[in-house]
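J.: Handing you a structure now.
The values are calculated or read from the model by the stated rules, or taken from the named source; none is laboratory data. Small disclaimer: the values here were computed from a predicted structure and weren't measured. Every residue, glycine among them, receives a Cβ derived from its backbone with ideal geometry; neighbour counts consider all protein chains shown.
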Amino acid sequence: MKLKIKFLLLFPLFLYAHPHTFIDLYPIVISEKNIIKTIKFKWEIDDISSQLLKMEFDQNMDGKIDEEENSYIEKNYFEPLSTYDFYTDIMIKNISIKTKPKDFKAFFVGDKVVYSFKVDIEAHKDDIYIDFYDTDNFVAIVLKKEFVISLVDYYIKGVDNDFYFAHRLSFKKEK
Amino acid sequence: MGNLYNDFISQITLWQYSLNKTISSSIRGAEDTNSLVVYATVLAIAFLYGVIHAAGPGHGKGLVALYFAKGKNNYKDAFTIGYLIAIVHAISAVVITFVLYFVFKTMFRQNFNQFSNYAMLASSLLIIAIGIYLIIKAVLEKKKKLKDEEPQYNQTNKSKYSIALSVGIVPCPGVMTIVLFCILLKKFMLSILAAITMSIGMGLTISIVGILSVVFARRTENFVNKRGYILEILSGVLIILLGVFLLSSVYTSFIN
């Protein structure tokens, strides 16, 4: 099971490895009157890694992920990522909140494997920021300004936290 | 300093991100046409990907730097070792990829992880053995006071080849993913050629690290001449620590 934690993540080669899997992160922010209610996330896994994953995900080789395969992926590949907080560090009033994803779904879009899930938050926009990073599995999370959909103004920046580099999504304009 | 390092790693990651996209689309391009230009483009990108890929953490750069920092080496040696590491690294990746794909296929990743763990175990033990060898050699030379006169070339070559083997034996995941991607698209010849050009790129980066280390050793030649014995012992100890560090990570993988 633990081997699969390395999932995406291809190969636990520690000293010998670096990002071999790149995830384009697409957040959709659902808000009401400056309250961030929920964020829907879409992880689009790079083409090369996707081809490798397809070999294991699409067990009946029908070119799509059915319910049974989806459950298998969720249980064996996605849920183990809770150890790494799903590479999503949610901070509310400067306190780290455990990421609890819901409605997980894996599917193929063209040649890519895509994961989608949502996380309920319920916090004022000024109180929250989210850092996306991986320090263990050699996965690079890529978040660009144009990847985000939000009615609330948002900001993306790189954050150097000494031991890791993160992309930060925030909603409060920094002075 | 930490910020600079992270910025560097972040930049390397972004370059790899771009190259990853470019190389996958180029290989897919080669799927539609067999034109030489497309093949040449894929191989050129694979070379560049190898150069940048090896610039990230790992690939034996630390070991090479430590080994050559102890002096009495030349640029040719550093260049040779850099390429030996890259070649062994790539060959092990290609062989394991082909074997795993055609033998185990559906459980590819799990089997690859297991192979990697055993390769890393062998690698860490070899690295520790090299460190011990370097220390014993330095102590014996000091005792016999033959350090300057003794023709060391053969012995040194042995340890250099051991260095290349110890690091290279662990298959390069970067090469492996490219090779497997080509295999999945039924581009078998391209997979081999891409692995070769990528390893040439990696060899360049590792060689440059070795050459810089030789430059450093030469610049501190006076110190090395006076305290070469201490430096060789220190180099051996650091290499052993590197091996132990690697061994502990293998142990963690096994117990998980």
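J.: In the list A:Tyr129, A:Tyr155, A:Tyr164, A:Tyr133, which residue meets the criterion of being out of contact with any Cys (no Cβ under 8 Å at 6 or more places or on another chain) and within 18 Å of A:Glu44 (Cβ to Cβ)? Give the derivation first.
T.: Details: A:Tyr129 fails: within 18 Å of A:Glu44 (Cβ to Cβ); A:Tyr155 fails: within 18 Å of A:Glu44 (Cβ to Cβ); A:Tyr164 fails: within 18 Å of A:Glu44 (Cβ to Cβ).
Result of the check over A:Tyr129, A:Tyr155, A:Tyr164, A:Tyr133: A:Tyr133.
J.: Filter segment A:139-157 for residues that are assigned to a strand (DSSP E or B) and either aliphatic (A, V, I, L, M) or under 16 Å from the mean Cα position of the chain (by Cα) (or both); which is farthest from the other protein chains (Cβ to nearest Cβ)?
T.: Only one residue fits best here, namely A:Ile149.
J.: Got a number for residues in segment A:83-127 being closer than 28 Å to A:Met61 by Cα and either touching a Phe, Trp or Tyr at 6+ places or on another chain (Cβ under 9 Å) or not in a loop (DSSP other than H, G, I, E, B) (or both)?
T.: Qualifying residue count for the region: 17.
J.: So the check is Cβ under 7 Å with 6+ separation or different chains; which pairs have a first residue in segment A:87-108 that's more than 18 Å from A:Thr38 (Cβ to Cβ) and a second one that's of a type in the set (S, T, N, Q)?
T.: A:Ala106/A:Asn70
J.: Further question on the same structure: Assess whether A:Val139 counts as being at pLDDT 95 or above, closer than 21 Å to A:His20 by Cα and surrounded by 16 or more Cβ atoms within 10 Å (Cβ to Cβ).
T.: It is false that A:Val139 is at pLDDT 95 or above, closer than 21 Å to A:His20 by Cα and surrounded by 16 or more Cβ atoms within 10 Å (Cβ to Cβ).
J.: Answer yes or no as to whether B:Ile23 is farther than 20 Å from B:Gly210 by Cα, at pLDDT 70 or above, among the β-branched types (Val, Ile, Thr) and crowded, with 19+ Cβ neighbours inside 10 Å.
T.: Yes; evaluated as a whole, the condition is true for this residue.
Residue-wise test of (1) assigned to a helix (DSSP H, G or I); (2) of a type outside the set (Phe, Trp, Tyr); (3) modelled with pLDDT of 70 or more.
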site: B:Val94; (1), (2), (3): yes, yes, yes
site: B:Phe115; (1), (2), (3): yes, no, no
site: B:Ala119; (1), (2), (3): yes, yes, no
site: B:Ala122; (1), (2), (3): yes, yes, yes
site: B:Ala138; (1), (2), (3): yes, yes, yes
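J.: Separate question: Please count how many residues of segment B:170-185 are in contact (Cβ under 8 Å) with a residue 40 or more places away in the chain and either on the phi > 0 side of the Ramachandran plot or more than 22 Å from the chain's Cα centre (by Cα) (or both).
T.: Of all residues in segment B:170-185, those in contact (Cβ under 8 Å) with a residue 40 or more places away in the chain come to B:170-176, B:178-183, B:185.
From what's left, either on the phi > 0 side of the Ramachandran plot or more than 22 Å from the chain's Cα centre (by Cα) (or both): B:182-183, B:185.
Going through segment B:170-185 one residue at a time, the tally reaches 3.
J.: Which of the residues spanning segment B:166-178 are under 13 Å from B:Ser124 (Cβ atoms) and part of a helix (DSSP H, G or I)?
T.: B:Ser166, B:Val167
J.: Looking only at residues in segment A:46-103 that are more than 25 Å from B:Leu100 (Cα to Cα), crowded, with 18+ Cβ neighbours inside 10 Å and hydrophobic (A, V, I, L, M, F, W, C), which one is farthest from the other protein chains (Cβ to nearest Cβ)?
T.: For segment A:46-103, the residue satisfying everything is A:Ile90.
J.: Another one. Of all residues in segment B:156-214, how many are under 25 Å from B:Tyr133 (Cα atoms), within 14 Å of another protein chain (Cβ to nearest Cβ) and surrounded by fewer than 24 Cβ atoms within 10 Å (Cβ to Cβ)?
T.: 1
J.: Name the residues in segment A:122-135 that are crowded, with 19+ Cβ neighbours inside 10 Å and within 16 Å of the chain's Cα centre (by Cα), would you?
T.: Within segment A:122-135, A:Tyr129, A:Ile130, A:Asp131, A:Phe132, A:Tyr133, A:Asp134 qualify.
J.: If you check every pair at least six apart or on different chains, which have Cβ atoms under 8 Å apart with a residue in segment A:128-151 that is at positive phi first and a residue that is part of a strand (DSSP E or B) and surrounded by 21 or more Cβ atoms within 10 Å (Cβ to Cβ) second?
T.: Listed pairs, sorted by first residue: A:Phe138/A:Thr21.
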